[in-house]
Amino acid sequence: MKVEISRRRFLQGSVALSVVGGTTLSATNILANAKNKSQNALMKKVPTVCEMCVNKCAAIAQVRNGIVTKLDPNPYFPKSRNMLCARGAAGIHALYDPDRLKYPLIRTGERGDGKYRRATWDEAYAFIEDKLTKILDEEKDNRSCIGYCAGEGMAEHTFKSFMADKFGSANFLNHSSICLQTAVSGFTLTIGGYGQADLENAKYVIMAGANRAEAILTPDTMDLFKRTRGRGTKLVVVDPRFTNTAMHADTYVAIKPGTDLAFVLALTYVALIDQVYNRAYVAKNFVDFDKYKKHIIESEYTPEWAEKITGVSADTICKIAHDFMAAAPQAVYYQGRRTTWSKNDFQLRRAMALFTALGGGIDVKGGIVFGKSLPLGEHTINAPMYAQAKPRIDRDLAAIVGATGTWVGWRNMVAEGKSPYPIRGMFVYKQNPMLSVPNTAKTKQMFEKMDLVVVIDTMPSDTAMMADVILPECTYLEREDPVRMFPGIEPAIVLREKVIEPMYETKPVIEIMHGLAVKLTKPLWEITKKYDDDVKDELEATPEDEFFEDGGFNLAEPFEHTQEELNKHMFVSKHGEEAWTLLREKGVYYPNMMTYFKKINNNTYECYPKDKKFYSVLKLEEKYDPETFLHDTCVNPADIADLKRSFNTPNKKVECYLGSLEAKGVDAMPKWRDEDYVTVPAGKFKFITGRHAQFTQNSTMNNIMLLELMRENYIWINDKEAEKLGIGFGDTVEVTSKVGQVHIKAYPTPKIVPGAVFYIHGFGAKSEGLTFAHRNGASDNEIIEDTIEPVHGCANMHDTLVSLRRV
Amino acid sequence: MNYAMALDYQNCINCKACEVACKEENGVQLGADKQRIWIGVVEGTIFGKPFANLYPSQCNHCIDAPCVNVCPTNASHFAEGGIVKVYAEKCILCKGCMEACPYDARFVDDTMVAVDKCTFCDHRIGEMGTTACQATCPTKVRTFGDLDDENSDLVKLLKTKRFFFQKEASGTLPKLFYILPDDLAYAKQSVSANTIIHTWEDIKPVYDAARSRRSKEWKR
């Protein structure tokens, strides 16, 4: 809702305006009354969607005289549960950060030294055009010689559709392989989807490695911590660190890093040997269960075996397995998100999914559920075919390298000169690989080899300092982004509206792509005509103008409409004009929203009535339509779902044995391999990394409001070990691994297991453009080794050994 | 109106959303010692096992507020609903109130050249119904409300729970009600043996009496 009224009117009748209050007086009424009032102190409220992390919480921005003064939670969005965390509330300081990139910049010094000159947009585009045409001419129109990467965000796809669909490069990288790819894939190949843990109803939750108090995930964080300590959920936290999540646990289990798989296998062993698993559910919904049972039992994954590996007592393992199965199916071995930890991560996630499934907690209320989607229209892009474009370079580095690649593997190929064809340049959007990809020295080496590096960002990050051209994007509060649907128990569609006009000379990425496309279309078309035999053949039969348009070679074509127009098209085609008005007013839409939505009190809002939520959705029929089932009063869908489910896997069942992967050298069933485990020799420590609730990776590191809460990071070391090494609180410690060395202050604490050290990701920037973040603490990726796991080529974040020395 | 707040402190995850929302809402000066609202952390080990307790806190808006009592210029005063506030223009920075406050809830704001503190967001409760800290909280620790209103969310909650105060012995009749966790083990871990546990029935007459004694000073 965008309402402009005078301050006086606002104070008089402000309750009426309150979105939180859910009042009935419409915005147009207020507008009518406000017409004749004074126009100074213009006040408006604009619904937006937070971009301070990946959760996309709905927020309402208060704007006074064109200045954003406050961000409040928007209660209409079920996923964000009417809250805005510290980062969300501090979003204003991302907008008004004095260090923001304000104008296009062209490098004048050496790569990395931070010397740039201010340029106009046209100069910047011309510079890119000049370099790019030269490179593509030399590479004979092999579009894949330009790599590109994008950080997660609502406009990631806009950038990607230019680079992949229009420009035509195959070498795309995003966060997946340094993030949760193994987790998503492990769960999807086993139970048909990553799903959503229904923490509002689960009775028993094992949270291993995940840290929902500090790595906030909506709605999980909100749901879980209102139900701990005897209020509905038994929480078991398994972690090498006593985190803020562990603080809320009924049972905290300290585990050696990298041994989670042994822990899960032992739980599975206990459940199978003691026959406490959900036999009815398994009989109906598992395939190859006997193979799995035989494998677990014959491999002798006993609690006593696991105790030696994990450091968790056999008694504890037995108790947890029994308690879990007693609470099942309302029992969840929480999926976790995070990163890949070690080489066996894919198998770990499979074992976790199978353990939850053994209790029957998949696709049931209180277990892992899949929820429902809402439709959104599409707009098609006419993608040209380039005969000269080669496939991505990193396909053979792991069993399954997907379209998002293996960041570490790809980067190493380029840095080490092992690429089958030269990678001459890179377009970076909203990602900061200098801080986010393990082994920073190699990332720097990669950029130094390139002839053209273009960075699109809001901040002068360490990666921006590697660029030849920096294109300043506006922040999320200055742009409308693609409308987005969130499936789940309570599905909804959210819209990020532009709160204020872009500041300085910044632009939203869709406009940047348009400007670049207009500039590049003709010169790149000339190169394609020169080298592409298919195009040459076509042009013999077809007039050039016609083939150029029909073949999709006009690169600017998908970016010619505004984001508002595109959103309207995508939304109205499925939900109609009336819903569109509602979406723009509230920032959120789902069917029946205005009748379902209820305020219970200041802390609680009900978005969907209890009986309208989508818990169990996988039904008997393979091609079933949830709509007809859920609204057919003659059939109780819950009864059908209880009989037999249809999982989204090849066998339509929970998959114990993945024969197709075996052919690619991946274990068909989760198996502990001693040789994959990195043991910690005396005098060394295993380095682990993680997050906390005040910063999002490295993207919020210069936010002055958040730096108030934490100025720098400290290395956690077990207090007894620190004493032996003579390390006290605040002492500077030199941390050395095979790939790098950092200096950081020490935090000796009993909250971490011996043999491991930890510090938070997202600190230690070296870019001098970041006044506040510059050299605060240390960056984890300077010391994390660049090894990858064998299934998807994801970075092993917890397999690095370090030595410590007080300096 | 007699504004107060209940805190289900066991929900707190130390995310500090409340601290940031407060600073943004009220334009609180930046700096480590400039806090209208904070989260107290107590941690240690019991037989070698780590534990931690979190106590989100802010000004208690005491009925017998010592900061108001000691203020030589009447800068510290009771606003509507018993909210303790400061007239910046009357403040002479003698800092007597900062000394008097048992909760260390006051600090000097260098931009106003006056003592600053929590106001229970009295500028926004009319419009938004509650304070910025309650509205933004992910795990909904706080319930702000009116002790005079038997049907308010606050009183309804206090009638069903037991609760305690921080530093009750200071005798200031504070109005942050800490909800005692139902889980006895956690209650024992997070509440000192000397802390007095109250119910609505036992506290209501005491607070009502104090209210009628002091509310003459409240601005309307």
Which of A:778, A:186, A:114, positive extreme of dipole for chain A (C-beta unit charges) = A:778
ask   = Among A:498, A:536, what is the fewest-to-most ranking by other Cβ atoms within 10 Å?
value = A:536, A:498
ask   = In deg cm²/dmol and to the nearest 500, what is the mean residue ellipticity at 222 nm of chain A if only DSSP H runs of at least 4 residues count, each as -39500 (n - 2.57), divided by the residue total?
value = -8500 deg cm²/dmol
remark   = Toy charge model, Lys and Arg Cβ at +1, Asp and Glu Cβ at -1: the protein assembly as shown dipole around Cα centroid in debye, rounded to 20, equals 3080
key: Under 14 Å, Cβ to Cβ, from residue A:70 - net charge with Lys/Arg +1 and Asp/Glu -1   = +1
message = Please list, in order, the residues from the stretch B:11-27 whose amide nitrogen is less than 19 Å from a point placed 7 Å along the Cα→Cβ vector of residue A:745.
response = none
note = Residues B:84, A:184 in order from fewest to most other beta-carbon atoms within 10 Å are A:184, B:84
Convex hull volume per residue in cubic angstrom - Cα atoms of the stretch B:45-143 = 156
ask   = How would you order A:291-298, B:37-44 from highest to lowest mean count of nearby Cβ atoms within 10 Å?
value = A:291-298, B:37-44
message = Please report Rg (one decimal) and Dmax (integer) in Å for the Cα set of the stretch A:678-806.
response = 14.7, 42
message = Using only the alpha-carbon atoms of the stretch A:315-439 as identical scatterers, what base-10 log of I(q)/I(0) does the Debye formula give at q = 0.17, 0.22 Å⁻¹?
response = -1.05, -1.28
remark   = Sorted largest first, the Cα spans of chain B on the principal axes come out in Å as 51, 39, 34
remark   = Taking max minus min of the Cα coordinates of the stretch A:558-611 on each principal axis, largest first, gives extents in Å of 45, 21, 15
task = Grab the stretch A:678-806 and count how many Lys pairs have their alpha-carbon atoms under 23 Å apart, sequence gap of 8 or more, or different chains.
result = 16
remark   = Over 28 Å (Cα to Cα) among A:226/B:216; A:226/A:430; A:390/A:442; A:160/A:444 -> A:226/B:216; A:226/A:430
note = Mean per-residue count of partner chain Cβ within 10 Å for B:141-147 equals 2
message = Over all directions, the average projected area of the alpha-carbon convex hull for the protein assembly as shown comes to how many nm²?
response = 43.2
query = Which cysteines does chain B leave without a neighbouring Cys Cβ under 4.7 Å?
reply = B:12, B:15, B:22, B:62, B:71, B:91, B:94, B:101, B:121, B:137
Cβ-placed point charges (K, R +1; D, E -1), dipole of the stretch A:678-806 about Cα centre in debye, nearest 20 = 260
note = When the charge dipole of the protein assembly as shown is computed with +1 at the Cβ of Lys and Arg and -1 at the Cβ of Asp and Glu, the Cα pointing farthest to the positive end, of A:273, B:98, A:163, is that of B:98
task = Against the globular-protein guess of 2.2 N^0.38 Å, express the Cα radius of gyration of the stretch B:126-202 as a ratio, rounded to two decimals.
result = 1.18
task = For the stretch A:59-101, build the convex hull from the C-alpha positions and give me its volume per residue in Å³.
result = 82
query = For B:126-137, what's the mean count of beta carbons from other chains sitting within 10 Å of each residue's beta carbon?
reply = 6
query = Length gain on complete extension for the stretch residue A:381 to residue A:322, per 0.36 nm per residue less the alpha carbon to alpha carbon distance?
reply = 15.9 nm
key: Sites matching GluC sites (Glu not before Pro) across the stretch A:546-620 that sit in DSSP coil, with at most 13 neighbouring C-beta atoms within 10 Å   = A:560
task = Please report how far the C-alpha centroid of the stretch A:243-269 lies from that of the stretch A:654-698, rounded to the nearest whole angstrom.
result = 14
inquiry  = So if I place +1 on the C-beta of Lys and Arg and -1 on the C-beta of Asp and Glu, and nothing else carries charge, what would the dipole magnitude of the stretch A:481-625 be about its Cα centre? I want it in debye, nearest 20.
reply    = 1460
Projected area, mean over directions - the stretch B:1-84, Cα convex hull, nm² = 8.0
ask   = Of B:192, B:79, B:203, which is farthest along the charge dipole of the stretch B:3-217 in the positive direction, counting Lys and Arg as +1 and Asp and Glu as -1 at C-beta?
value = B:192
message = Can you sort A:736, A:380, A:340 from fewest to most other Cβ atoms within 10 Å of each residue's own Cβ?
response = A:380, A:736, A:340
remark   = Out of B:106, B:162, B:142, a Gaussian network model of chain B with alpha-carbon springs under 10 Å gives the largest mean-square fluctuation to B:162
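A short reminder: the numbers here are calculations on the coordinates, not readings from a lab. These numbers were taken from a predicted model, which means no experiment stands behind them. When we count neighbours, we look across all protein chains shown, and the Cβ atoms used for this are built from the backbone with ideal geometry, even at glycine.
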